[in-house]
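Working notes for the structure below.
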Amino acid sequence: MPHLRGMEEAAAAAAGGAATVRGKLRINLDPVFSRIILGKRLDEFMDAHPELELEFIARDHLGDLVMDGFDLALRFGEPRSSSLIARKLLDTAVVTVAAPSYLARRGRPAEPQELSRGVHSCLEFRNPETGKPYPWEFHRKRKKLVVETNGRLTVNDPSALLNACLAGSGIAQMLLLAAEDLIREGRLVNLFPDWQDERFPLYSYHPSRHHTPAKTRAFLDFIVALTSTGS
């Protein structure tokens, strides 16, 4: 498959298509990022490149990009050592949020340590790498707290986490990039704004080749512009 892709790109370049944004771009997409990218801005990008076809496959792991037939991947988290070209696109904060309906019913915690006392319901999110829930960390400058939450509901789908939080089922930790519009609209409340110095990076990955296809370069430029206000 890698050899076939290389031959296709060489043929496109010989035909004068090296600078033309065309063809299919198959993207391994982090599920957290899917709801951020799908929207009006994507429609504008597609309108600007009428010969380009996009295919998004939401996965909770990177896998083998080449053997799985992907041109590009967008993943949150630090990269592992590999032959792929990794490019850091942004850092986003991790925030602790709850719906106003939950706070009206259970009260607002004054400090992160309250989440370990059994008074509040915390929604856990499973780390696909370990199979266990992510630890609840709180960072403020050089200070770091790790709080044992022992939540009763664990999910592995970002949409399920978000929907449960919006429904008032509990408190959740999520990326600011995914939550900031909901916080601004008042649908979620940022509980500990003084404890959000933890950063989570977004990386793009694509196979190591001598020439990055125009379709890949164009899409990466679009992602950088899309996320430039959310870092």
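Quick note: the coordinates plus some simple rules give every number you see, no bench work behind them. Please read all numbers here as calculations on a predicted model, not as lab measurements. Note that each Cβ is placed from the backbone with ideal geometry, even for glycine, and that neighbours are counted across all protein chains shown.
A compact table of results
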read-out	value
Normalised contact order of the chain, rounded percent, pairs of Cα under 8 Å and 6 or more residues apart	31
Under the Karplus curve 6.51 cos²θ - 1.76 cosθ + 1.60, θ = phi - 60°, whole-Hz ³J(HN,Hα) for the range 178-194, x wherever Gly or Pro sits	8, 9, 4, 5, 5, 5, 4, 7, x, 7, 10, 10, 7, 6, 10, x, 7
Reachable aspartates and glutamates from K143, criterion Cα separation under 15 angstrom, eight or more residues apart if same chain	E111, D194, D197, E198
Amide H contacts under 5 Å for L25, placed H, 5+ residues apart	E53, L54, E55
Percentage, to the nearest whole number, of Cα pairs in the chain over 30 Å apart	33
Fluctuation leader among V21, V119, V94 - the chain, Gaussian network, Cα springs under 10 angstrom	V119
Gaussian network model of the chain, springs between alpha carbon atoms under 10 Å - residue of E53, E129, E137 with greatest fluctuation	E129
Unit charges on C-beta of K, R, D, E only; dipole of the chain, Debye	560
Gyration tensor verdict on the range 92-198 (Cα atoms; rounded if a/c is under 1.5, prolate if a/b is larger than b/c, oblate otherwise)	rounded
Choice from K24, K143, K88 showing the highest fluctuation, given a GNM over the chain with Cα pairs closer than 10 Å	K143
